[in-house]
Amino acid sequence: MPTEVRRLVFSSTEFYVALDQYLSRTGATLPLGSIVQVHTDTIHDTVTIDIRLNGSTENDAVNLTARQVGGALISYCINNQIPLPRGFSKSLIITGDNVALEMTNAAGALLLGVDRAHTVAEIG
């Protein structure tokens, strides 16, 4: 059976909104600003998001687990009626400055070597 892969790439604005909505349910908030960079630490399964504060040249770093980030993206898709295939494995992918949710019917995360993707964590 052929392997099916689907990748949803989120803009910085969509990613910010996804994180903000997800964190607001826990009582936490993001600093007001815009995402300028995303770093990953695959050893500790963490994602650091650098946010440029509104009206400033300063950045504030927000550290989250890969599962929190993946949960935020999945919630964003559900809230915005973006269909997600059931039964597919889901992985958090960082490609350059973009954050993506990759889904595949193959066991484990599938990496497409052509685009220099970096799998952060399997999230579902």
Check your understanding: Over the Cα atoms of region 5-122, what Rg and Dmax result, in angstrom?
Key -> 14.1, 46
Check your understanding: How do Leu23, Leu92, Leu30 line up, fewest other C-beta atoms within 10 Å first?
Key -> Leu23, Leu30, Leu92
Review point. Label points 7 Å out from Cα along the Cβ direction at Thr26 and Thr95: separation in nm?
Key: 2.7 nm
Exercise for review: Could you please report the charge total around Val62, scoring K, R as +1 and D, E as -1 over all other residues with beta-carbon less than 14 angstrom from its beta-carbon?
Suggested key: -4
Check your understanding: In what order do Glu4, Glu102, Glu14 fall by count of nearby beta-carbon atoms within 10 Å, going from fewest to most?
Key -> Glu4, Glu14, Glu102
**Study point:** Tilt relative to the chain, helix 66-79 - C-alpha long axis, 0 to 90 degrees, to 10
**Key:** 80 degrees
Revision key, fill the gap. Summing -39500 (n - 2.57) over every DSSP H run of at least 4 in the chain, dividing by its residue total and rounding to the nearest 500, the 222 nm mean residue ellipticity is -7000 deg cm²/dmol
Practice item. Go through region 8-22 residue by residue and turn each phi into a ³J(HN,Hα) via Karplus (6.51, -1.76, 1.60, θ = phi - 60°); whole Hz please, and just put x for glycine and proline. Key: 9, 9, 9, 5, 4, 5, 4, 5, 4, 4, 4, 5, 4, 5, 5
Exercise for review: Using only alpha carbon pairs under 8 Å that are at least six residues apart, calculate the relative contact order of the chain and give it in whole percent.
Suggested key: 27 percent
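FYI, it's all coordinate maths here, none of it is from the lab. Note that the structure is a prediction, hence the values are computed from the model and not measured. Cβ: placed from backbone, ideal geometry, glycine included. Neighbour counts: every protein chain shown.
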